[in-house]
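The values are calculated or read from the model by the stated rules, or taken from the named source; none is laboratory data. What you see is a predicted model; the values in this text were computed from it and never measured. Note: ideal-geometry Cβ built from the backbone for every residue, glycine included; neighbour counts use all protein chains shown.
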Amino acid sequence: MIRVSIVGATGLVGECLIRALLGHPQCKISMLVSDHAAGRKIQDLLPPLRGEIDMETISADPAMIAKNSDIVFAAKKGSETFAVVPGLLAGGAKVIDIGGEFRFRDPAVYETWYKEPHTCKDLLAETVYGLPELNKEQIKTARLVGNPGCYVTSALLALSPLIKAGLIELDGIVVDSYSGLSGAGRQFNAKLSNLFTDIDGNMRAYNIGGHRHTPEIEQTLSIVAGKPVVITFVPHLVPLDRGILTTAFARPKAGLTTAKAMECLRGFYTESRAPFVRVLNTPEDVAISNVVRSNYCDVSVTVVERSNQVVFASSLDNLVKGASGQALQNMNIMFGLPETMGLRGRTL
């Protein structure tokens, strides 16, 4: 059994991870870390888990956690993540960071967009970006994986195949995304105005041109394209608890048809390469309700000849394929297990 610990166990992602791990046949939850609630029962902190798990949370002690873990999921942010990851790795544990601190190759990009210093720069050279559909071989041998952002995953899975095939122009790409409230976490965020009374019967765009997922999308698309890609990213908050719907727009290269674009998607996302990406017949078939509480991402594409636009659509659950489910998928790959183990046939 793989001994698994979670740093940041009481957040929404932590709770989702616990649910996923409880149903994983090759995992045993070793430690649940929550500095603000150390010493309390996890079932008291997360009442939906009553009767499912009887463990006390502990404070972060990297050496002790590493000694009792084969892998640790870090579901914290910023300085709290930097404070524990080096010690976890030094103690021999593998780490999957879900918070965003190990997604960028260049620490200056992180510092510019996240507005704080990156204090683990020496670890970035070995970090693997954890998008299995693009980086599965590198993930297999990694000891530190940076789990992609939720918006980012939806955008990359839609756009990457046609960019890699050279079927769309790289300038003028627009990513238009809509997320449920759980993307903001459990606490009120004044910047997002994510109280129920703020968003019920309402929807709005936010952080236009300044959302920190923008450079993350650009980084991977640039790697796929082999040259710099700059996008316009517009996120929206919608009155749902969870789920993301992304529509993206690009100009087609000469001769591109819907049939050719769909053939590209289907050829890229085979069952062996991408068991959690489902290619649907039209963008109209892509909907949040079809993926919520699962690790699937649905994608489709159409070419609008009249306006000379390629329109992509993708949907996923921001807490599962956008966070905890993808992290568990990466863990499976890192330990040589079937990629789908513990993730198919379940609601999370």
### Task
Identify the residue in the range 1-29 that is part of a strand (DSSP E or B) and without any contact (Cβ under 8 Å) to a residue 40 or more places away in the chain and, among all such residues, is nearest to Ser324 (Cα to Cα).
Ile29
### Query
Would the range 308-324 turn up any residue that is in contact with a Gly (Cβ under 6 Å, 6 or more places away or on another chain) and modelled with pLDDT under 95?
no
### Task
Could you please give the count of residues in the range 131-177 that are in contact (Cβ under 8 Å) with a residue 60 or more places away in the chain, assigned to a strand (DSSP E or B) and aliphatic (A, V, I, L, M)?
5
### Task
Please state which one of Ile244, Ile208, Ile217, Ile223 is more than 20 Å from Gly130 (Cα to Cα), out of contact with any His (no Cβ under 8 Å at 6 or more places or on another chain) and among the aliphatic types (A, V, I, L, M).
Ile208
### Message
Give me the residue from the range 72-83 that is surrounded by fewer than 24 Cβ atoms within 10 Å (Cβ to Cβ) and either outside the structural domain of Glu116 (by TED's automatic domain parsing) or not aromatic (Phe, Trp, Tyr) (or both) and, out of that set, nearest to the chain's Cα centre (by Cα).
### Response
Lys77
### Task
Determine whether the range 206-217 contains at least one residue that is modelled with pLDDT under 95, of a type in the set (S, T, N, Q) and closer than 18 Å to Cys150 by Cα.
yes
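Looking at the structure I just gave you, is Ala60 modelled with pLDDT under 95, part of a loop (DSSP other than H, G, I, E, B) and surrounded by fewer than 23 Cβ atoms within 10 Å (Cβ to Cβ)?
For Ala60, the condition - modelled with pLDDT under 95, part of a loop (DSSP other than H, G, I, E, B) and surrounded by fewer than 23 Cβ atoms within 10 Å (Cβ to Cβ) - is met.
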### Message
Restricting to the range 68-121, and then to whatever is in contact with an Asp or Glu (Cβ under 9 Å, 6 or more places away or on another chain) and on the phi > 0 side of the Ramachandran plot, can you tell me which residue is modelled with the highest pLDDT?
### Response
Gly92
### Query
Which of the residues that make up the range 306-337 are part of a loop (DSSP other than H, G, I, E, B), touching a residue at least 24 places away in the same chain (Cβ under 8 Å) and under 28 Å from Ile173 (Cα atoms)?
Asn308, Asp317, Asn318, Leu319
### Message
Quick check on my filter: what residues within the range 280-293 are surrounded by fewer than 19 Cβ atoms within 10 Å (Cβ to Cβ) and within 21 Å of Gln329 (Cα to Cα)?
### Response
Asn290, Arg293
### Close pairs (7 angstrom Cβ cut-off, 6 or more residues apart or separate chains): of a type in the set (Ser, Thr, Tyr) in the range 62-76, at pLDDT 95 or above and assigned to a helix (DSSP H, G or I) anywhere
none
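Residues that are under 24 Å from Cys150 (Cβ atoms), part of a strand (DSSP E or B) and either assigned by TED's automatic domain parsing to the domain that holds Val109 or not hydrophobic (A, V, I, L, M, F, W, C) (or both): does the range 43-52 have at least one?
no
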